[in-house]
Amino acid sequence: MNKSYLKQMLIYFSKIYHLGEKINTLKDKRAKSSVKISTITFVVLFGFMLQIRSFNRLEHWLKKGKFKKVLPKKTKIPRIDTIRRVLSNFDLDGLNELNNSIIKTSTKNKVFRKGTID
């Protein structure tokens, strides 16, 4: 995947599905957090989009600084241990609402022409 295609895809997701706004509403059970939940969610989502197969590979990409250009400046990049801890205490109701919203928007925009993703 080239960089311009990735940029177009992120802009599309942001405009059509309002992903940034919805990710900001997600919560976890941490009392103090040095890394925002939205940053962690975005890193994991971006890892899924790029089809990173394991957290070990994701950790390698984080250490190499591959996410620095995608995240806003002065954003603290999470360590893989923090990501694992946050995902184990994640608020699943908020994630369910996000999923339902994406499905509703996809259905409204006729992404599922034949009942499934073609």
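Here are the numbers:
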quantity: Residue-wise HN-Hα coupling along the stretch 97-104, computed from phi with Karplus coefficients 6.51, -1.76, 1.60 (Hz; x: Gly, Pro); calculated: 5, 4, 4, 4, 5, 5, 5, 4
quantity: Helix-only [θ]222 nm of the chain, DSSP H runs n ≥ 4, -39500 (n - 2.57) each, per residue, nearest 500; calculated: -18500 deg cm²/dmol
quantity: Scattering profile of the stretch 29-80 at q = 0.14, 0.20, 0.31 Å⁻¹ [log10 I(q)/I(0), Debye over alpha-carbon scatterers]; calculated: -0.34, -0.69, -1.40
quantity: Computed E for Asn56/Leu10 - FRET, C-beta separation, R0 35 angstrom, nearest 0.05; calculated: 0.90
quantity: Asp81 accessible area, 1.4 Å probe, all protein chains in place, Å² to nearest 10; calculated: 70 Å²
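The values are calculated or read from the model by the stated rules, or taken from the named source; none is laboratory data. Computed from a predicted model, the values in this text were never measured in an experiment. Here Cβ is always computed from backbone atoms with ideal geometry, including for glycine, and neighbour counts include all displayed protein chains. Surface accessibility is based on the protein's heavy atoms, side chains included, excluding ligands, DNA and RNA. Shrake-Rupley method; radii C 1.70, N 1.55, O 1.52, S 1.80 Å.
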